[in-house]
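Notes to accompany the following structure.
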Amino acid sequence: MLNTLHGNKKMQLTLGFWMGIVFGFLLQKGGVTQYDIIIGQLLLKDFTVVKIMLSAVLVGMIGVHLLGDIGLAKLHPKAGSIGTSVIGGLIFGVGFGILGYCPGTVAAAAGTGALDALLGGVVGILLGAWLFALAYPKLQGKILSKVDFGELTLPQLFKVNQWIVIVPLAIMIVLLLLLIAKAGL
Amino acid sequence: MEFLRAEQWSPYLVGALIGVLSWITFIISDKPLGCSTAFARTGGMIERIFRGKKVEERPYYKKFALAVDWEWMLVLGVIIGSFLSSHLSGRFIWQWVPGFWSETIGAGRFARWLPALAGGVIMGFGARWAGGCTSGHGISGTLQLAVSSWLAALCFFAGGIASAMLIFHVLV
C-alpha cells in the first residue's frame, strides 16, 4: 500500500507541500526564522538552534530506526566523501555566518517578511547552487571523490548493530541538552 | 487553538515535532526532509527560461532534473507555513535589516542586502558541494546516522562559528 502511495507522483507533490507547511510553521514557532537567533547560535550566545536540532535528531533517530526495523520506513543515508562533506561543509559554513540563515530557514524567514532573506539570501542561494551546477563537471571525479566512503552509516563504520550506536548517542544528546540548559544558554 | 497564536514554542517541543514530522515523511513519502536541491533545480529552471532546453544537458541537471518535485513543494510549503505561523502570532513584519545587524553594523538596507546576497551565493555553492544543508544533512542525515551528514553538520557549524566570530568579534 505504501509503495502505491510513494509512486503516486501527483499525490506526493501535494503531500510534500503540506509537510512543508508544517515544517515552516514549526521553524517559525521555534524562533529560527529570526536572524538574531541564528547568529546568536553561531556566536555561541543563544542555543535555540542546537536545542531544536538535537531534539529533532533524538526523536527522529529513535523513531525512524524503529520504523525501519518493522518495515514501515526505508533509510536513505546520503553518500559522501571527505571532499564533499568537509570542504563543502566548510564553504557552506562561511556563507552561513555571513547570511545568518540556512536554505530552509531562509525560505521560512522570507515567509515572515524578512526582505534580507527573500531578496538577499534566497536569490544568493539560487545563484550559488546554479554556479555549482556550472562548476560540477570540473569538480566531479576529482575533489568531490577525495576519500569517498559512499552511503556509509556509523553502525556500518563500527560494524555493530544500529542500536549499539543509537542508545549511547541518545543518552549523550540528552546529557548535552541538560548541560546547555544548566549553563543557562 | 490559542497555542497556534503563541509567539514562540519551547525549542525542545519544536525539535521533537520536527522529529515526528521526519517519521511521517519517511512513512508516507519515502523521503527525508531537505531543502537545498529545490534551489539547485530552480536555478536551472530560471537559466532554462533564457537559454532553452539545452540547459537540461548539463551533467548536474541530469542528476537533479529540472522539474518541480516533492522537495520543491516542501520548500514552497515552508514559506507558506511560516507566513501562517507569523501571521497568527502577529509577528509578520516586512523588515530589511534584522535587529542585531542594525545594532552592530548599521541600519542601512544595502549594507545588509549585499552581504546577505554574497553569503547566500557561498552557502548555495557549499550546500550543493556538500550534497545537503542544515535540514538534509544536519537533521535528516544525522538522524539516519550517515557518516557524510555528521561530518557535514560539524563543518557547517565550524565554518559558521568561525565566520560569524570573525565578522562580529574582529571586523566589527
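Restricting attention to segment A:127-185, the residues that are part of a helix (DSSP H, G or I) and within 30 Å of residue B:57 (Cα to Cα) total 16. Taking the options B:58, B:51, name whichever one is within 8 Å of chain A (Cβ to nearest Cβ), among the basic types (Lys, Arg) and farther than 15 Å from residue A:126 by Cβ. Going through B:58, B:51 in turn, just one is within 8 Å of chain A (Cβ to nearest Cβ), among the basic types (Lys, Arg) and farther than 15 Å from residue A:126 by Cβ: B:58.
Residues in segment A:95-118 include at least one that is touching a residue at least 60 places away in the same chain (Cβ under 8 Å), part of a helix (DSSP H, G or I), buried (at least 24 other Cβ atoms within 10 Å of the Cβ) and not small (Gly, Ala, Ser). Hey, any hits in segment B:132-144 for a residue that's among the hydrophobic types (A, V, I, L, M, F, W, C) and farther than 19 Å from residue A:152 by Cα? No; the residues of segment B:132-144 include none that is among the hydrophobic types (A, V, I, L, M, F, W, C) and farther than 19 Å from residue A:152 by Cα.
The test for being under 29 Å from residue B:15 (Cβ atoms), among the β-branched types (Val, Ile, Thr) and facing another protein chain (nearest Cβ under 7 Å) holds for residue B:75. The set of residues from segment A:79-94 being surrounded by 24 or more Cβ atoms within 10 Å (Cβ to Cβ) and polar (S, T, N, Q) comprises A:84, A:85. Scanning segment A:6-39 for residues that are buried (at least 18 other Cβ atoms within 10 Å of the Cβ) and assigned to a loop (DSSP other than H, G, I, E, B) gives A:31, A:32, A:33, A:34.
Do we have residue A:25 as more than 16 Å from the chain's Cα centre (by Cα) and either under 30 Å from residue B:101 (Cα atoms) or modelled with pLDDT under 95 (or both) here? Yes; evaluated as a whole, the condition is true for this residue. As for segment B:146-156, it holds at least one residue that is in a helix (DSSP H, G or I), more than 14 Å from the chain's Cα centre (by Cα) and among the aromatic types (Phe, Trp, Tyr). The single residue among B:145, B:88, B:154 that is aliphatic (A, V, I, L, M), free of Cβ contacts under 8 Å to residues at least 60 places away in the same chain and surrounded by fewer than 23 Cβ atoms within 10 Å (Cβ to Cβ) turns out to be B:154. Residue B:121 - would you say it is at pLDDT 95 or above, at the interface with chain A (Cβ under 7 Å from one of its Cβ atoms) and in contact with an Asp or Glu (Cβ under 9 Å, 6 or more places away or on another chain)? When the stated conditions are applied, residue B:121 does not pass them. Among the residues of segment A:40-78, those identified as assigned to a helix (DSSP H, G or I), surrounded by fewer than 19 Cβ atoms within 10 Å (Cβ to Cβ) and within 17 Å of the chain's Cα centre (by Cα) are A:50, A:62.
Here the helices (runs of 4 or more DSSP H) wholly within segment B:9-67 that include at least 1 residues being crowded, with 24+ Cβ neighbours inside 10 Å are B:11-24, B:36-51. Have a look at B:10, B:36 and point out the one that is at the interface with chain A (Cβ under 7 Å from one of its Cβ atoms) and of a type in the set (S, T, N, Q). Step by step, each of B:10, B:36 is checked, and only B:36 is at the interface with chain A (Cβ under 7 Å from one of its Cβ atoms) and of a type in the set (S, T, N, Q).
It is to be established whether one or more residues within segment B:92-100 are surrounded by fewer than 23 Cβ atoms within 10 Å (Cβ to Cβ) and assigned to a helix (DSSP H, G or I). Checking segment B:92-100: at least one residue is surrounded by fewer than 23 Cβ atoms within 10 Å (Cβ to Cβ) and assigned to a helix (DSSP H, G or I). When B:99, B:90 are checked against the criterion of being more than 7 Å from chain A (Cβ to nearest Cβ) and closer than 22 Å to residue A:28 by Cβ, B:90 stands alone in meeting it.
Residues that are within 7 Å of chain B (Cβ to nearest Cβ) and without any contact (Cβ under 8 Å) to a residue 24 or more places away in the chain within segment A:126-139 comprise A:126, A:127, A:129, A:130, A:131, A:132, A:133, A:136, A:137, listed in sequence order.
The values are calculated or read from the model by the stated rules, or taken from the named source; none is laboratory data. Please read all numbers here as calculations on a predicted model, not as lab measurements. Methodologically, a virtual Cβ is constructed for each residue, glycine included, from the backbone with ideal geometry; neighbour enumeration extends over all protein chains shown.
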